[in-house]
Amino acid sequence: MSLQVRTLLKLVSAVALAVVAVAFVSKRVGGFRKTGEEGATTWFYDLSEKRLYEAPRETIPPHEGVGGPSGDGVRAIVVAFRSDQSDPGKRRIAYLETYTPELKALLEKVKAAHAAGQRFRGDLPARDSAYFQTNALVKGSKEAEWHAIGSPEGRRAMTEWRSWRGPDGQPPVVCVP
C-alpha cells in the first residue's frame, strides 16, 4: 500500500471518528435539556360534566374543560389500589386542584416566556411561599368549597386519601393516564 493511500485512510478514519464523537457529545448535551416528559399527560376533571379527562402535564388549571361552561376543568389527583390501577372503574379522585385567576395569570406568563425561549424576569413565588399557599386551591372530590392549600382544610384534603386502605390493607397509589 502506498504512502498516499495510507495517509488518506488515516485522514478518513480520523474524520469519521471526529464525526462520531461530535454526534455523541451533541446527543448527550441535548439530552440534558429534555425533561423526559414531552407529551406526558395528567388527569383533569370537568366540574360541569363530572368526568375525568387527560390534559398535557403543563396545563395550568382552571382549564377550558371538555363540555359545559368553559374554564371548569381542574387538575385531579387520581388514585387506585395497586392491583386495580388498570381498571378505570376502581380509580378514585383523591382531591382536585386549581389556581386563583392571579396565580394562573402569573404561571401563564412564565409558560409563555419559556415557550419563547426566554427567561421569565418577574417574581415567581416558590411552592411553599405564602402567595402560592394562598392562591393554589384544593378540595376533596365530594366537597363543595375550595380551600387554600396552606390552610388546615387544604392540607386535610390533600392528605386524607393516604389513610384509605384496599382489601388487603394496601394503600392507594397515584395513577397517571
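The values are calculated or read from the model by the stated rules, or taken from the named source; none is laboratory data. Note that the structure is predicted; figures quoted are calculated from it, not measured. Cβ: placed from backbone, ideal geometry, glycine included. Neighbour counts: every protein chain shown. What goes into the accessible areas is simple: the full protein's heavy atoms, side chains included, and nothing from ligands, DNA or RNA. Shrake-Rupley method; radii C 1.70, N 1.55, O 1.52, S 1.80 Å.
Residue 89 - would you say it is farther than 18 Å from residue 136 by Cα, of a type outside the set (Asp, Glu), part of a helix (DSSP H, G or I) and open to solvent by 10 Å² or more (accessible area, probe 1.4 Å)? Judged against the criteria, residue 89 is a match.
I need a count of the residues in segment 157-177 that are in a loop (DSSP other than H, G, I, E, B) and of a type in the set (A, V, I, L, M). Qualifying residue count, segment 157-177: 1. Candidates in segment 43-76 are the residues that are of a type in the set (Ser, Thr, Tyr), touching an Asp or Glu at 6+ places or on another chain (Cβ under 7 Å) and farther than 18 Å from residue 142 by Cβ; of these, the one that is surrounded by the fewest Cβ atoms within 10 Å (Cβ to Cβ) is 70. Can you spot a residue in segment 162-174 that is in contact (Cβ under 8 Å) with a residue 12 or more places away in the chain, at negative phi and surrounded by 19 or more Cβ atoms within 10 Å (Cβ to Cβ)? Within segment 162-174, one or more residues are in contact (Cβ under 8 Å) with a residue 12 or more places away in the chain, at negative phi and surrounded by 19 or more Cβ atoms within 10 Å (Cβ to Cβ).
Residue 36 meets the conditions (1) assigned to a helix (DSSP H, G or I); (2) at pLDDT below 70; (3) open to solvent by less than 90 Å² (accessible area, probe 1.4 Å); (4) not β-branched (Val, Ile, Thr) in every case but one. The failed one is (1).
Residues that are in a loop (DSSP other than H, G, I, E, B) and open to solvent by less than 50 Å² (accessible area, probe 1.4 Å) do occur in segment 97-114. Take the residues in segment 115-156 that are of a type in the set (Asp, Glu) and part of a loop (DSSP other than H, G, I, E, B), then tell me which one is least open to solvent (accessible area, probe 1.4 Å). Residue satisfying both the conditions and the ranking: 143. Among residues of segment 81-92 that are touching a residue at least 24 places away in the same chain (Cβ under 8 Å), those with a Cβ under 8 angstrom from a residue that is open to solvent by less than 70 Å² (accessible area, probe 1.4 Å) and among the hydroxyl-bearing types (Ser, Thr, Tyr), sequence gap 6+ or separate chain, pair up as 92/141. Give the residues of segment 63-77 that are assigned to a loop (DSSP other than H, G, I, E, B) and not β-branched (Val, Ile, Thr), sorted by residue number. Hits for segment 63-77 are 64, 65, 67, 68, 69, 70, 71, 72. One residue stands out among those in segment 58-96 that are of a type in the set (Ser, Thr, Tyr) and at pLDDT 90 or above: the one that is farthest from the chain's Cα centre (by Cα), which is 95.
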